[in-house]
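These notes are about the structure you will find just below.
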Amino acid sequence: QVQLVESGGGLVQPGGSLRLSCAASESIFSFNVMGWSRQAPGKQREVVATITSSGVTNYPDSVKGRFTISRDGAKNTVYLQMNSLKVEDTAVYYCNVLKFTQDYWGQGTRVTVSS
């Protein structure tokens, strides 16, 4: 059973930055894909960043150029750097990994963008 623990959420003003962290209970190189998703109130969960085991990243247009996913194998951690935050980025952010055919999710960390 893979355990994922997110941290780094909080309240930030529009235009500000936050870095989210997701610590995994095992080597991140055992995962096929790692990613971040978010769910805003009343909306469906959406993927905002993914990184494959070979390091290929992908982002939707809504965050491209503002969000960056990265990883640290020594710390078994994946990060989401979020810059130029907008009010519409407010959501609970979840880390998830795909290991073979099994999906694992963290408990989520809340990000609020407000003045």
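The values are calculated or read from the model by the stated rules, or taken from the named source; none is laboratory data. Since the structure is predicted, the reported quantities are computational estimates derived from the model, not experimental observations. All Cβ positions, even for glycine, are placed from backbone atoms using ideal geometry, and neighbour counts span all protein chains on display. To get the accessible areas, we keep the full protein, side chains included, count just its heavy atoms, and leave off ligands, DNA and RNA. Shrake-Rupley method; radii C 1.70, N 1.55, O 1.52, S 1.80 Å.
If you go through segment 71-83 and pick out every residue that is more than 19 Å from Q39 (Cα to Cα) and open to solvent by 50 Å² or more (accessible area, probe 1.4 Å), you end up with 3.
Pairs are defined by a Cβ separation below 9 Å, a sequence spacing of at least 6 or placement on different chains, a first member in segment 13-28 that is over 14 Å from S84 (Cα atoms), and a second member that is among the aliphatic types (A, V, I, L, M) and part of a loop (DSSP other than H, G, I, E, B); the pairs so defined are A24/V2; S25/V2; E26/V2. When restricted to residues that are in contact with a Cys (Cβ under 9 Å, 6 or more places away or on another chain) and open to solvent by 30 Å² or more (accessible area, probe 1.4 Å), segment 9-22 contains 0.
Residues that are at pLDDT 95 or above, over 14 Å from the mean Cα position of the chain (by Cα) and of a type in the set (A, V, I, L, M, F, W, C) within segment 3-30 comprise L11, V12, listed in sequence order. Of everything in segment 93-115 that is crowded, with 18+ Cβ neighbours inside 10 Å and of a type in the set (V, I, T), the residue that is farthest from G15 (Cα to Cα) is V97. Filter segment 29-52 down to the residues that are without any contact (Cβ under 8 Å) to a residue 40 or more places away in the chain and open to solvent by less than 60 Å² (accessible area, probe 1.4 Å), then identify the one that is farthest from T112 (Cα to Cα). Checked segment 29-52; the qualifying residue farthest from T112 (Cα to Cα) is T52.
Could you please let me know if V87 is open to solvent by 30 Å² or more (accessible area, probe 1.4 Å) and among the aliphatic types (A, V, I, L, M)? Before you say what the answer is, go through the steps one by one.
On the way: open to solvent by 30 Å² or more (accessible area, probe 1.4 Å): yes; among the aliphatic types (A, V, I, L, M): yes.
The answer is yes for V87.
The single residue among G42, G73 that is farther than 20 Å from D103 by Cβ, in contact with a helix residue (DSSP H, G or I) (Cβ under 7 Å, 6 or more places away or on another chain) and of a type outside the set (A, V, I, L, M, F, W, C) turns out to be G73. So for segment 46-61 (the condition being within 17 Å of L4 (Cα to Cα), touching a Pro at 6+ places or on another chain (Cβ under 8 Å) and not in a loop (DSSP other than H, G, I, E, B)), does at least one residue qualify? There is at least one residue in segment 46-61 that is within 17 Å of L4 (Cα to Cα), touching a Pro at 6+ places or on another chain (Cβ under 8 Å) and not in a loop (DSSP other than H, G, I, E, B).
Among the residues of segment 65-115, those identified as in a strand (DSSP E or B), in contact (Cβ under 8 Å) with a residue 40 or more places away in the chain and aromatic (F, W, Y) are Y79, Y93, Y94, Y104, W105.
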